[in-house]
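A short worksheet on the structure shown next.
The values are calculated or read from the model by the stated rules, or taken from the named source; none is laboratory data. Fair warning: this is a prediction, and the values are worked out from it, not measured in the lab. Ideal geometry is used to build each Cβ from the backbone, glycine not excepted, and the neighbour counts take in all protein chains shown. Calculation scope for accessible area: heavy atoms of the full protein, side chains included, ligands and nucleic acids excluded. Shrake-Rupley method; radii C 1.70, N 1.55, O 1.52, S 1.80 Å.
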Amino acid sequence: MLSIAQSADILGISPARVRKLASEGALDGTKIGRAWALSEESVYDRLSKKPKAGRPVRTTEKPPVDDRLATPNLHSLYLECKQAFRFEPPIQAIEEASNREEAGFYMAVADYFLQCK
């Protein structure tokens, strides 16, 4: 049986990391009070596997690309909004909006183009 400090020296990692590995079950051991007694076999087994240093690489999948939001379409949307809001906000469009979000969108776009003038 090995202590946390002995295991850390053998593995070349910090004692805190050894405690974490023991508590996660990656190293076999027994907790005696506040101290750990780790199995020599599991410590040397981990050493022989030579795990990579550092944090594991996080894989994030990119969301699927929606062809409707491609750059050319966004540019044409910008041009259409610029044309529609070039003079003043279309009050009728805001009043006829189907919900508050839509009305807020019209007001935000109108405000943007007014600030650009």
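Numbers at a glance
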item	result
Residue check, Pro51 in contact with an Asp or Glu (Cβ under 9 Å, 6 or more places away or on another chain), surrounded by 10 or more Cβ atoms within 10 Å (Cβ to Cβ) and either modelled with pLDDT under 70 or outside any helix (DSSP H, G or I) (or both)	no
Filtered residues of the range 21-32 (kept if surrounded by 10 or more Cβ atoms within 10 Å (Cβ to Cβ) and part of a helix (DSSP H, G or I))	Leu21, Ala22, Ser23
Residue that is modelled with pLDDT under 85, in a helix (DSSP H, G or I) and open to solvent by less than 60 Å² (accessible area, probe 1.4 Å), where the choices are Ala103, Ala93	Ala93
First in the range 33-44 and within 13 Å of Ala8 (Cβ to Cβ) and open to solvent by less than 90 Å² (accessible area, probe 1.4 Å), second anywhere and of a type outside the set (Val, Ile, Thr) and in a strand (DSSP E or B), Cβ under 7 Å, 6 or more apart	Trp36/Gly29; Leu38/Leu2; Leu38/Gly29; Val43/Leu2
Pair list, Cβ < 7 Å and 6+ apart or interchain, from the range 81-98 residues that are under 20 Å from Gln115 (Cα atoms) to residues that are at pLDDT below 75 and open to solvent by less than 100 Å² (accessible area, probe 1.4 Å)	Ala84/Pro90
